[in-house]
1. The conditions are (1) exposed (fewer than 13 other Cβ atoms within 10 Å of the Cβ); (2) under 28 Å from residue 151 (Cβ atoms); (3) in contact (Cβ under 8 Å) with a residue 12 or more places away in the chain, and residue 59 fails exactly one of them. Which is it?
2. Can you tell me which residues in region 1-35 are at pLDDT 85 or above and among the basic types (Lys, Arg)?
3. With the checklist (1) in a loop (DSSP other than H, G, I, E, B); (2) on the phi > 0 side of the Ramachandran plot; (3) modelled with pLDDT under 90 in hand, flag the one item residue 127 doesn't pass.
4. Restricting the search to region 25-40, which residues are of a type in the set (A, V, I, L, M) and touching a Ser or Thr at 6+ places or on another chain (Cβ under 6 Å)?
5. Could you grab me the full set of residues in region 81-104 that are assigned to a loop (DSSP other than H, G, I, E, B) and open to solvent by 30 Å² or more (accessible area, probe 1.4 Å)?
6. For region 32-80, what are the residues that are assigned to a loop (DSSP other than H, G, I, E, B) and within 23 Å of residue 131 (Cβ to Cβ)?
7. Got a sec? Which of 33, 46 is over 21 Å from residue 117 (Cα atoms) and aromatic (Phe, Trp, Tyr)?
8. Which one is nearest to residue 89 (Cα to Cα) among residues in region 21-44 that are open to solvent by less than 40 Å² (accessible area, probe 1.4 Å) and free of Cβ contacts under 8 Å to residues at least 24 places away in the same chain?
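The values are calculated or read from the model by the stated rules, or taken from the named source; none is laboratory data. The structure presented is a predicted model; accordingly, all values stated were derived computationally and were not measured. A quick note on method: Cβ atoms are made from the backbone with ideal geometry, for glycine too, and the neighbour counts reach across all protein chains shown. Just the protein is used for accessible areas: all its heavy atoms, side chains included, with ligands, DNA and RNA removed. Shrake-Rupley method; radii C 1.70, N 1.55, O 1.52, S 1.80 Å.
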Amino acid sequence: AVRAACVHRGVPVDEEAVRNASVLAAPTGTASFQMKYGATTLHRAFGLGWSSFCGPQQTRDSPVFLKRMSRLRAASLIVMDEFSMIGRIMMGKICFKTNDMLGSERAGAGRLSSMGGKDVMLAGDPDQAKPIGDESGHKEGAYKKEGGNKPKDSQNRYKDAPPGSMDT
């Protein structure tokens, strides 16, 4: 679509804009490899850490963070494959991290921009693989608060979450 828009307007095709028009991601490396076209894991695309804690980005000037933020800003579409493996907590972390990078200011009276205002497409079979250690994203009923979002100290004990952290 980006290439076609450039051709239609009679302007030179910006190959980087074409490459960055969408972010393709999946829960596992194998699934992202099958997507091809520069796809990556959800953890890498959105900066999800190895721990179960999810909070605001502390170092906002690191090259990795700036590259991730630039990539998300350039994209108009985010495609997440194998969505049956994306649980409620993981989707919440993805939304939190995206809004932390791109912003979620109120666009108008009572409207809140989610995922930085990007279009999002979930692909896959809802009955294929279940999320690991999380509730299914399409499970009916209220969240049972079986998880938590607190960082751990060096002795693996839970600490209080820093200000600005999300509540599961």
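1. Here residue 59 clears every test but (3).
2. Matches in region 1-35: 9 only.
3. If we test residue 127 against (1) in a loop (DSSP other than H, G, I, E, B); (2) on the phi > 0 side of the Ramachandran plot; (3) modelled with pLDDT under 90, just (2) comes out false.
4. We begin by selecting, within region 25-40, every residue of a type in the set (A, V, I, L, M); these are 25-26, 31, 35, 39.
Across region 25-40, the qualifying residues are 25, 26, 39.
5. The initial filter retains those residues of region 81-104 that are assigned to a loop (DSSP other than H, G, I, E, B), namely 81-82, 86, 103-104.
Scanning region 81-104 gives 81, 82, 104.
6. Hits for region 32-80 are 39, 47, 48, 49, 50, 51, 52, 53, 54, 55.
7. Values: 46 fails: over 21 Å from residue 117 (Cα atoms).
Being over 21 Å from residue 117 (Cα atoms) and aromatic (Phe, Trp, Tyr) holds for just one of 33, 46, which is 33.
8. Residue satisfying both the conditions and the ranking: 41.
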